[in-house]
Amino acid sequence: QVQLVESGGGLVQAGGSLRLSCAASGRVFSTYSMGWFRQAPGKEREFVSAISQLGGTTRYADSVKGRFTISRDNAKNTVYLQMNSLKPEDTAVYYCAAASRGLVTSSAPDFGSWGQGTQVTVSS
């Protein structure tokens with residue numbers, strides 16, 4: 001199993017940008033596909049983005065397509081989520097997750113390891 005620690009959250013005005021990072025430790029990072037999910041107060045957790053083991057394939061929720069970019073650096077055991085043109089509806093706790101089967105999936109049950117989350121708040 002891999003251990004995940006997110007960072008980079010914070011408070012930003014609408015239209016601003018943030019970059020989230022997720023540092024992984026444990027088993028070989030490059031064997032995992034990675035994903036980002038988010039959960040807003042009173043709402044269910046939702047898929048944001050995912051990336052394949054070597055970064056060649058990415059997937060995005062329609063709500064963030066064109067604004068968010070997922071990437072990874074396997075040499076640093078880190079996955080990133082660059083968030084631009086942020087909106088108040090992007091406010092949520094953002095979670096990093098790892099899928100050991102290497103699927104580029106939007107389904108949370110496919111991810112076996114999760115970080116503790118980082119808060120992103122976008123003010124209007």
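The values are calculated or read from the model by the stated rules, or taken from the named source; none is laboratory data. These figures come from a predicted structure and were not determined experimentally. Please note: Cβ atoms are built from the backbone with ideal geometry, for glycine as well, and neighbour counts cover all protein chains shown. Ligands, DNA and RNA are excluded from the accessible area calculation, which covers all protein heavy atoms including side chains. Shrake-Rupley method; radii C 1.70, N 1.55, O 1.52, S 1.80 Å.
Filtering segment 83-100 down to residues that are in contact (Cβ under 8 Å) with a residue 60 or more places away in the chain and part of a loop (DSSP other than H, G, I, E, B), which residue is farthest from K65 (Cα to Cα)?
Among those residues, the one meeting the criterion is S100.
Does segment 7-16 contain at least one residue that is surrounded by fewer than 16 Cβ atoms within 10 Å (Cβ to Cβ) and at pLDDT below 95?
Checked segment 7-16: no residue is surrounded by fewer than 16 Cβ atoms within 10 Å (Cβ to Cβ) and at pLDDT below 95.
Just for segment 73-124: of the residues that are at pLDDT 95 or above and β-branched (V, I, T), which one is nearest to S7 (Cα to Cα)?
Across segment 73-124, the extreme among qualifying residues is T118.
Going through V64, V79 one at a time, which residue ends up being open to solvent by less than 30 Å² (accessible area, probe 1.4 Å) and part of a loop (DSSP other than H, G, I, E, B)?
Values: V79 fails: part of a loop (DSSP other than H, G, I, E, B).
After ruling out the rest, the residue left standing is V64.
Of all residues in segment 36-51, which are open to solvent by 20 Å² or more (accessible area, probe 1.4 Å), in a strand (DSSP E or B) and closer than 17 Å to V122 by Cβ?
Q39, E46
Among the residues of segment 101-124, write down those that are more than 17 Å from A14 (Cα to Cα), of a type in the set (S, T, Y) and assigned to a strand (DSSP E or B). Spell out the reasoning first.
Initially, segment 101-124 is screened for residues more than 17 Å from A14 (Cα to Cα), giving 101-118.
From the residues that got through so far, the ones that are of a type in the set (S, T, Y) too are 105-107, 113, 118.
The answer is S113, T118.
State yes or no: is D73 open to solvent by 20 Å² or more (accessible area, probe 1.4 Å), closer than 18 Å to Y32 by Cβ and touching a strand residue (DSSP E or B) at 6+ places or on another chain (Cβ under 6 Å)? Walk me through how you get there before you give the answer.
Numbers: open to solvent by 20 Å² or more (accessible area, probe 1.4 Å): yes; closer than 18 Å to Y32 by Cβ: yes; touching a strand residue (DSSP E or B) at 6+ places or on another chain (Cβ under 6 Å): no.
No, not satisfied.
Is it the case that some residue within segment 102-117 is polar (S, T, N, Q) and touching a helix residue (DSSP H, G or I) at 6+ places or on another chain (Cβ under 6 Å)?
The answer is no, given that none of the residues of segment 102-117 is polar (S, T, N, Q) and touching a helix residue (DSSP H, G or I) at 6+ places or on another chain (Cβ under 6 Å).
Pairs needed: first member in segment 13-30, in contact (Cβ under 8 Å) with a residue 12 or more places away in the chain and farther than 16 Å from Q3 by Cβ; second member anywhere, aromatic (F, W, Y) and open to solvent by less than 50 Å² (accessible area, probe 1.4 Å); C-beta distance under 7 Å; at least 6 residues apart or different chains.
These pairs meet every condition: R19/Y80; L20/Y80; L20/Y94.
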